[in-house]
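Inspection log for the structure reproduced underneath, given as structure tokens.
The values are calculated or read from the model by the stated rules, or taken from the named source; none is laboratory data. These figures come from a predicted structure and were not determined experimentally. Because the Cβ atoms are built from the backbone with ideal geometry, glycine has one as well, and the counts that use them run over all protein chains shown.
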Amino acid sequence: MDLTCISPNARTLVMGIVNITPDSFYDGGRHSTPARAAAYARTLIADGADILDIGGESSRPGAESLSADREIARVLPTLERLREVDVPISIDTYHADTARRALAAGATMINDITALRGDPAMADVIAEAGCPCVLMHMQGTPQTMQQEPRYKDIVDDLCAFFDDRLRFAVERGIPLRNIWIDPGFGFGKSPEHNLTMLRRLREFQRLGRPLLIGTSNKSTIGFVLGGLPPEERTEGTAATVAIAVFNGATAVRVHDVKTMARVVRVSDAIADRGAI
């Protein structure tokens, strides 16, 4: 699958999350060994994942940062067990060393929650590899991002941020065709910011880049549903996924691939995006 040539009218892609961490908010510790993580990744492919997104560091609110060495030790053994899979593999990292090692081991995309701000060498690694990347918006860091996030206008402010980051990436040698954007649902945003962002998602099309949306089981959904815990947010996640599809998302990043792939298929059919 070529992740740099996706038509706006193509069916929505499903990115399955593989967390190799002990402290992720949804499934921390369940897939913490390479064998378990690789087996789980294959299950996600069977369930309908078009892309795998493998991460070794939790980015939940308040999470502590992890060194590149520790992240590599978590990610590489799993990635090496997945060399033969026939779907693209994204690595969720802001560490250039992790990205370099992962790309050499078969990864095909880098998903950087800092939008190339976390490690000064990351842009060069991506440019040299010629691989697609995701640039995500986050106000602050995972440690600080939910401490009174503020915006003048959530969509206009994010579009200005992406204009700057796209310009930076291109100046560092990353072709524009290789860049996706992610507005960062839940990353330095209040529930109202997140809901407004979903409501106005089509406005991000002004940037002309593929759009990745990750709402899966996040706290805004729990807030809307009266404080439900992550494991009880499936229906709320389905609602956000359907809205994201109908408002032009290129791909949705989800935990429950089997369920959300079905939501995506029906939503694509309603939106006339080639699902049938």
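Working only within the range 190-216, note down all residues that are part of a loop (DSSP other than H, G, I, E, B), at pLDDT 95 or above and either buried (at least 17 other Cβ atoms within 10 Å of the Cβ) or touching a Pro at 6+ places or on another chain (Cβ under 7 Å) (or both). Lay out the reasoning, then the answer.
In the first step, residues of the range 190-216 are kept if they are part of a loop (DSSP other than H, G, I, E, B); the result is 190, 200, 208-210, 214-216.
Pick out the ones that are also at pLDDT 95 or above and you get 200, 208-210, 214-216.
Answer for the range 190-216, where residues must be part of a loop (DSSP other than H, G, I, E, B), at pLDDT 95 or above and either buried (at least 17 other Cβ atoms within 10 Å of the Cβ) or touching a Pro at 6+ places or on another chain (Cβ under 7 Å) (or both): Arg209, Pro210, Gly214, Thr215, Ser216.
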Across the range 1-54, which residue is surrounded by the most Cβ atoms within 10 Å (Cβ to Cβ) among those that are at pLDDT 95 or above and among the acidic types (Asp, Glu)? Asp53
Taking the condition of being closer than 15 Å to Asp124 by Cα and assigned to a loop (DSSP other than H, G, I, E, B), how many residues in the range 92-105 meet it? 3
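For the range 185-240, what are the residues that are of a type in the set (Lys, Arg) and within 25 Å of Arg265 (Cβ to Cβ)?
As a first pass, look at the range 185-240 and keep what is of a type in the set (Lys, Arg): 189, 199-200, 202, 206, 209, 218, 233.
Correct list: Arg199, Arg200, Arg202, Arg209, Lys218, Arg233.
May I ask you to list the residues in the range 126-144 that are small (Gly, Ala, Ser), under 16 Å from Arg165 (Cβ atoms) and at pLDDT 95 or above? If you could, list the steps in order and put the result at the bottom.
Filtering the range 126-144 for residues small (Gly, Ala, Ser) gives 127, 129-130, 140.
Right, trim to under 16 Å from Arg165 (Cβ atoms) and you get 127, 140.
Matches in the range 126-144: Ala127 only.
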Return yes when Asp272 is of a type in the set (D, E, K, R), at pLDDT below 95 and within 28 Å of Ile45 (Cα to Cα) and no when it is not. yes
Please determine whether any residue of the range 84-100 is out of contact with any strand residue (DSSP E or B) (no Cβ under 9 Å at 6 or more places or on another chain) and at pLDDT below 95. yes
Single residue of the range 236-257 satisfying the filter (part of a loop (DSSP other than H, G, I, E, B) and not aliphatic (A, V, I, L, M)) that is nearest to Thr196 (Cα to Cα): Asn247
I'd like to know if the range 258-269 contains one or more residues that are under 17 Å from the mean Cα position of the chain (by Cα), surrounded by 23 or more Cβ atoms within 10 Å (Cβ to Cβ) and part of a helix (DSSP H, G or I). yes
Restricting attention to the range 80-98, which residues are of a type in the set (A, V, I, L, M, F, W, C) and within 21 Å of Ala251 (Cα to Cα)? Val85, Val87, Ile89, Ile91
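Suppose we keep only residues that are assigned to a helix (DSSP H, G or I) and hydrophobic (A, V, I, L, M, F, W, C) within the range 168-189. Which one would you say is surrounded by the most Cβ atoms within 10 Å (Cβ to Cβ)?
Ala169
Residues checked against (1) touching an Asp or Glu at 6+ places or on another chain (Cβ under 6 Å); (2) in contact (Cβ under 8 Å) with a residue 12 or more places away in the chain; (3) in a helix (DSSP H, G or I); (4) closer than 21 Å to Pro183 by Cα:
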position: Ile45; (1), (2), (3), (4): no, yes, yes, no
position: Asp53; (1), (2), (3), (4): yes, yes, no, yes
position: Leu76; (1), (2), (3), (4): no, yes, yes, no
position: Leu82; (1), (2), (3), (4): no, yes, no, no
position: Ser90; (1), (2), (3), (4): yes, yes, no, yes
position: Ala107; (1), (2), (3), (4): no, yes, no, no
position: Ala115; (1), (2), (3), (4): no, yes, no, yes
position: Val125; (1), (2), (3), (4): no, yes, yes, no
Hits in the range 217-235 - residues which are in contact with a Leu (Cβ under 9 Å, 6 or more places away or on another chain) and not in a loop (DSSP other than H, G, I, E, B): Thr220, Ile221, Gly222, Val224, Glu232, Glu235
